[in-house]
Structure formats: C-alpha cells, structure tokens
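Read through the structure below, which is laid out as structure tokens, and then see the notes.
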Amino acid sequence: GTDRFDLVIADVVLPHVDGLHLLEKAKARSPGTRVLLMSAYGTDQLVRDGLGKGASAFIAKPFEVAPFVATIREFAGASGAG
C-alpha cells in the first residue's frame, strides 16, 4: 500500500486529532495532497491558519452540497484525475 492521497477532507474538530494537525501531517507526508478543511467554527483566523498551513480550501458548515461537490470536481480537474 501507499500513504499517498489525492484529497483529504477533514473537519477541524475531530474526536482524536485537531484538523489543523491532520493537515500538517498530510502535507508533510504527501505535499501534493489537496486538503479541504471544514468547520462550523470558521472564524477568519481559523481560515487563515488552515490556508496558511497548506489547505487547498476551507468550507464553513453548514454548506450547500453543490458548491462542495464543485470544489471537489475542481480539484480533480486540476490534478488531471477524472
């Protein structure tokens, strides 16, 4: 198996790990991995922190499904995946 992922979708608040820490670990292991963070607590500072640590996007919850799916499709197109 490999430890490479094309996309990681994670909430900032997780039961056993902070989403920003997960972001850092994912980017350290696979710098090309896109990370989409989401949170119901999407303060400007949290968004800046996430994007500053390498998140590809930040979505505030609750969110509409269509823009969420469009973001994922955009990532797939940018990576050359179908």
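The values are calculated or read from the model by the stated rules, or taken from the named source; none is laboratory data. This structure is a prediction, so every number in the text was calculated from the model and none was measured. Quick reminder, even Gly has a Cβ in these numbers, built from the backbone with ideal geometry, and neighbours come from all protein chains shown. Only protein heavy atoms, including side chains, enter the accessible area calculation; ligands, DNA and RNA are left aside. Shrake-Rupley method; radii C 1.70, N 1.55, O 1.52, S 1.80 Å.
The modelled label-to-label distance between R48 and V17, using points 7 Å beyond Cα along the C-beta direction, is 2.7 nm. Using C-alpha pairs below 8 Å separated by at least 6 residues, the relative contact order for the chain is 26 percent.
Averaged per residue, the chain has 65 square angstrom of accessible surface, using a 1.4 angstrom probe with ligands and nucleic acids left out.
Taking the Cα of E24, stepping 7 Å toward and past its beta carbon, and measuring to each backbone N in the stretch 35-72: which are under 12 Å? From the stretch 35-72, the list is 50, 53-54. Within the full protein context, the accessible area of E74 is estimated at about 120 Å² for a probe radius of 1.4 Å. Counting every pair of alpha carbons in the chain, the share spaced more than 18 Å apart comes to 41 percent. Accessible surface of the chain, 1.4 Å probe: 56 percent of it comes from carbon and sulfur atoms.
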